[in-house]
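Engineer: Mind having a look at this structure? Questions to follow.
The values are calculated or read from the model by the stated rules, or taken from the named source; none is laboratory data. Owing to the predicted nature of the structure, the values given are computational and were not obtained by experimental measurement. Cβ placement follows ideal geometry from the backbone for every residue including glycine, while neighbour counts extend to all protein chains displayed. Only protein heavy atoms, including side chains, enter the accessible area calculation; ligands, DNA and RNA are left aside. Shrake-Rupley method; radii C 1.70, N 1.55, O 1.52, S 1.80 Å.
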Amino acid sequence: MPSSALSVTLVSKSTIFPDQKSSVQHLKLSVSDLPMLSCHYIQKGCLFTRPPIPFDSLIPLLKQSLSKTLSFFPPLAGRLFTDPNGYIHIACNDGGVEFYHATCTGLFIRDVIGPLDVPQFVKKFFCFDKTVSYQGHFKPIMAVQVTELGDGVFIGCSVNHAVTDGTSFWNFFNTFAEICRKMGNTNNIQSIEKIARQPDFSRESVLISSAVLRVPEGGPKVTFNENEPLRERIFSFSREAILELKAEVNNNNKNDVVVSDGNFNAVEILGKLSNDKHRKAVVSNTAEISSFQSLCALLWRAVTRARKLPSCKTTTFRMAVNCRQRLNPKLDPLYFGNAIQSIPTYASAGDVTSRDLRWCAEQLNKSVRAHDDETVRRFVKEWEKDPRCFPLGNFDGASMTMGSSPRFPMYDNDFGWGRPLAVRSGGANKFDGKISAFPGRGGNGSVDLEVVLAPETMAGIESDLEFMQYVSSY
């Protein structure tokens, strides 16, 4: 494909303000927000077919819908500021967000989702590339880019990671789509006075601390090499493949009993739980290993084999878990901000590769099951003793970090002309061993893993028979 076809051209840039003044004042960053100040802005977006209305009508509709949506999410239109005591807050000052209209009509839907690896040009569908979240002191907290393709459109969002986690991000994105769809049908902005999932802006939990994070002059920097050579690929797992994998993992231990509401699975405990109210009561020492734990263990083994690590080398599989329902009292499920903690599971490379899949999945299961209210509070106290930004990366060549969640309603974004064809992310926070879990477009428990690895490691898992037997044809 000629380079001219890959050129993303900026058509217009504007600032979008909330259509109503904010009733929220300042929100203090929590012990879950502050560590994210050294991370890049979150970059996530959705690919759609071409809308039935012309773009000169679509762009004003999206701008008006965004303005209305911001009135329900005033922190996103604000700015960060540091008070004289060193505390960092979000000023909900209606400062506005940036809106970019871009075009790349030489690119088509097949060019985005067809290649084996995620194409590099997908990064051009997002603005604020490699922007560190601390820069929210000087830049908008959010920017939206709408990119017109030859036969489709990509709507990408870049949001400060110290302001939102995945739960809050997708609640905003879903609401943006919902409002756009309603406005396209009624063309009456005044008719939208309520939204289905009103965010909770309270700041009254154990996550709000008196500890001060001291930042270096110029602000914190990312803690990984932004320029290392990487490959990025989406591996898709059908519902049938995942059920087969789960059955294989649990075949070794059929007598374990879990009592729940009948809908317990590993996504519920591993993901950043945006919509999940399901809770479980374990009545045996070993819980059933569920789908997503099995999938994580499968990938942990494949990557460890591909890296050809010494058997004595300690490997780490790190997962971000939602603390909203783990705390007692619980946070509102729609608490706005970060409410996540990172849970590491350690095992030697020799154990990961020589023991069976069940054993690896059990280690992940034990780590997450142990992360209760007491553990969340202990993590908070440990951070307060040594306030610091989160060290994101693969520092020892033996680490993996799982983010996002198949529970997030990524495909529930209908702006008025149908569900997304695909979900993609930008170049933010990507390093060797960074994994993001998305729901499969077909739903019903299917999962897509966005896998970022060193090129030689990616080649290794692509030829790993245990791993690839469960991967669906793309």
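Engineer: Just to confirm a number: summing +1 for Lys and Arg and -1 for Asp and Glu over residues other than Pro115 whose beta-carbon lies under 13 angstrom from that of Pro115, what do you get?
Structural biologist: Net local charge, Pro115 excluded: +1.
Engineer: Which ³J(HN,Hα) values in Hz, rounded to whole numbers, follow from the phi angles of segment 223-238 under the Karplus curve 6.51 cos²θ - 1.76 cosθ + 1.60, where θ = phi - 60° and Gly and Pro get x?
Structural biologist: Working through the residues one at a time gives 9, 10, 6, 6, 10, 5, x, 9, 10, 10, 9, 9, 9, 9, 10, 6 Hz.
Engineer: Is it possible to state the helix-based mean residue ellipticity at 222 nm for the chain, with each DSSP H run of 4+ residues giving -39500 (n - 2.57), the sum divided by total residues, to the nearest 500 deg cm²/dmol? What is it?
Structural biologist: -7500 deg cm²/dmol
Engineer: Per residue, what volume in Å³ does the Cα convex hull of the chain take up?
Structural biologist: 147 Å³
Engineer: What does the C-alpha gyration tensor say about the overall shape of segment 45-90? Classify as rounded when a/c is under 1.5, otherwise prolate if a/b is larger than b/c, or oblate.
Structural biologist: prolate
Engineer: Please give the per residue accessible area of the chain, computed with a probe of 1.4 Å over protein heavy atoms only, in Å².
Structural biologist: Counting only protein heavy atoms, the per-residue value for the chain is 40 Å².
Engineer: Among rounded, prolate and oblate, which fits segment 23-62 when a ≥ b ≥ c are the square roots of the eigenvalues of its C-alpha gyration tensor, a/c under 1.5 means rounded, and a/b larger than b/c means prolate?
Structural biologist: Here segment 23-62 falls in the oblate category.
Engineer: Could you work out the relative contact order of segment 128-247? I mean the mean sequence separation of Cα pairs under 8 Å and 6+ apart, divided by the number of residues, in percent.
Structural biologist: Relative contact order comes out at 21 percent.
Engineer: Ignoring solvent entirely, what values of log10 I(q)/I(0) come out of the Debye formula for segment 21-119 at 0.10 Å⁻¹ when each Cα is a single scatterer?
Structural biologist: Evaluating at q = 0.10 Å⁻¹ gives log10 I(q)/I(0) of -0.46.
Engineer: Sort segment 298-434 into rounded, prolate or oblate with this rule: let a ≥ b ≥ c be the square roots of the eigenvalues of the Cα gyration tensor; rounded if a/c is under 1.5, and if a/c is not under 1.5, prolate when a/b is larger than b/c, oblate otherwise.
Structural biologist: The shape class here is oblate.
Engineer: Within the accessible area of segment 325-445, what % is carbon and sulfur when the probe is 1.4 Å and the other protein chains stay in place?
Structural biologist: Carbon and sulfur together cover 46 percent of it.
Engineer: Also, I was wondering about something else. Among residues other than Asp19 whose Cβ falls under 13 Å from its Cβ, what is the net charge (Lys/Arg +1, Asp/Glu -1)?
Structural biologist: Neighbourhood net charge equals +1.
Engineer: With every protein chain left in place and a probe of 1.4 Å, what is the accessible surface of His26, to the nearest 10 Å²?
Structural biologist: Around 110 Å² of this residue is reachable by solvent.
Engineer: Quick one: how many Å² of Lys182 are accessible to a 1.4 Å probe, rounded to 10?
Structural biologist: 80 Å²
Engineer: Going down the table (Lys21/Lys123; Lys13/Lys63; Lys28/Lys124; Lys130/Lys194; Lys28/Lys366; Lys28/Lys385), which pairs top 23 Å between alpha carbons?
Structural biologist: Lys21/Lys123; Lys28/Lys124; Lys130/Lys194; Lys28/Lys366
Engineer: Something else now. What percentage of the solvent-accessible surface of segment 139-208, computed with a 1.4 Å probe over protein heavy atoms, is contributed by carbon and sulfur atoms?
Structural biologist: Carbon and sulfur together cover 41 percent of it.
Engineer: For the chain, what are the DSSP H helices with axial Cα length of 20 Å or more and mean Kyte-Doolittle hydropathy of at least -0.5?
Structural biologist: 55-70, 166-186, 291-307
Engineer: Continuing with this model, one more query. Heavy atoms of the protein only, probe of 1.4 Å, neighbouring chains included. What is the accessible area of Asp200 in Å², nearest 10?
Structural biologist: 40 Å²
Engineer: Counting only DSSP beta bridges with both residues in segment 32-148, what percent are antiparallel, rounded to the nearest 5?
Structural biologist: Counting DSSP beta bridges with both partners in segment 32-148, the antiparallel share is about 45 percent.
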